[in-house]
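The values are calculated or read from the model by the stated rules, or taken from the named source; none is laboratory data. Since the model is a prediction, treat every value here as computed from it, not as a measurement. Note that each Cβ is placed from the backbone with ideal geometry, even for glycine, and that neighbours are counted across all protein chains shown.
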Amino acid sequence: MKTSDFDYELPQELIAQTPADPRDSARMLVYDRKTGRTEDRVFRDLPGFLNPGDVVVVNETRVIPARLLGVKQETGIPVEVLLLKRLEKDRWETLVKPGRRLKKGVHVSFGDGRLTCEIGDTTSAGGRIVTFSYEGVFEALLDELGQMPLPPYIHEKLKDPEMYQTVYARQEGSAAAPTAGLHFTDEVLDQIRKKGIDIVPVLLHVGLGTFRPVQEEDVEKHLMHEEYYMVTEDAAERINRARKNGGRIVCIGTTSVRTLETVATQDGVVHPGSGTTSIFIRPGVSFKATDVLLTNFHLPQSTLLMLVSAFIGREEALRVYREAVEKRYRFFSFGDCTLFL
């Protein structure tokens, strides 16, 4: 498979710059895998497509204000540091700009020196290891000095940072939101529960692995970046119980899919566990624990579009995306969503 096999044309004006307001008013393109038929709906219609006994799996990660703007201490040139993954208390894996001018040993200052970091080694993925120095509590400084790490294709400033968090976000650690979950409201969650459907949280801290561009033309040569995940014993038990009783596993977002497919065995049983995953789901990879997928529209040639292609077939995925373009759906992080039944 070639990376170019997952390309499609997208007019720039269809890239959503602001989230839907209210959240559950986003459009939802529903696709039936058995018939290939599509239906235009709104996200708040989601409960009507779920059955009593199903289980809805959500990623409860919370985005940290991971974008730090500072200056190189020696010269005063502007520097951007994007936090990806905490390695130890004050050591982080990051992306830095301008990378070529930030050699090992360089010091960067944020907030007039209240927070500083030393640039360290280069990672295999092209990032940098940095070590922070400060007085006080790091998380408090980050809340004060950091910014929400919106994707580079979003050019409008976010009025309320909470709009880039799901309503069920609990555990801080992501450098980007699990965006399919942004459409949920407490009202929609209540409607789902009232139908006898369990909502089960899992965890995957979204980092570079989810959004790193595929540089290789041969898809098989692409290596995913590791991201931290956790599935508790309680979560695994509830998911397995639903499947045993005939319910479907409904994954909200590709991060939930990647988490479950990491810990599931070939017979579809989900096991508790935690660690890092670099699972890469593309056509040819079978799904063990995902029956229904809700996800946003993804970038051309991305690993996320490849995951969708694995779920419904590459040609069908590209056909659905062409239809979405024709119908003027909104794309990417703040865009509309698709429900693959």
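Annotations
- Restricting the range 90-136 to residues that are charged (D, E, K, R) and at pLDDT below 90, the residue that is nearest to residue 229 (Cα to Cα): 100
- Those strands (runs of 3 or more DSSP E) of the range 1-119 in which 3 or more residues are in contact with a strand residue (DSSP E or B) (Cβ under 9 Å, 6 or more places away or on another chain) and among the β-branched types (Val, Ile, Thr) occupy 55-59.
- None of 67, 41 is at negative phi and in contact with a Leu (Cβ under 7 Å, 6 or more places away or on another chain) except 67.
- Among residues of the range 287-310, those that are farther than 22 Å from residue 166 by Cα and either in a strand (DSSP E or B) or without any contact (Cβ under 8 Å) to a residue 40 or more places away in the chain (or both), counted: 3
- Residues located in the range 253-286, provided they are in contact (Cβ under 8 Å) with a residue 60 or more places away in the chain, among the hydroxyl-bearing types (Ser, Thr, Tyr) and part of a loop (DSSP other than H, G, I, E, B): 278
- Qualifying residue in the range 137-146 (condition: under 22 Å from residue 27 (Cβ atoms), out of contact with any Lys or Arg (no Cβ under 9 Å at 6 or more places or on another chain), of a type in the set (Val, Ile, Thr) and outside any helix (DSSP H, G or I)): no
- Test for residue 18: is it in the same structural domain as residue 283 (by TED's automatic domain parsing), of a type in the set (Ser, Thr, Tyr), over 16 Å from residue 316 (Cα atoms) and surrounded by fewer than 19 Cβ atoms within 10 Å (Cβ to Cβ): yes
- Scanning the range 170-223 for residues that are in contact (Cβ under 8 Å) with a residue 12 or more places away in the chain and of a type in the set (S, T, N, Q) yields 171, 174, 179, 185, 191, 210.
- Members of the range 128-155 that are touching a Ser or Thr at 6+ places or on another chain (Cβ under 6 Å), touching a residue at least 40 places away in the same chain (Cβ under 8 Å) and in the same structural domain as residue 85 (by TED's automatic domain parsing): 130, 133
- Members of the range 240-271 found to be of a type in the set (A, V, I, L, M, F, W, C) and within 21 Å of the chain's Cα centre (by Cα), listed by number: 249, 250, 251, 252, 257, 260, 263, 264, 270
- Answer residue from the range 230-262, given it is of a type in the set (Ser, Thr, Tyr) and surrounded by fewer than 24 Cβ atoms within 10 Å (Cβ to Cβ) and is nearest to residue 198 (Cα to Cα) among those: 232
- Residue check for residue 43: over 26 Å from residue 174 (Cα atoms), under 20 Å from the mean Cα position of the chain (by Cα) and crowded, with 20+ Cβ neighbours inside 10 Å: no
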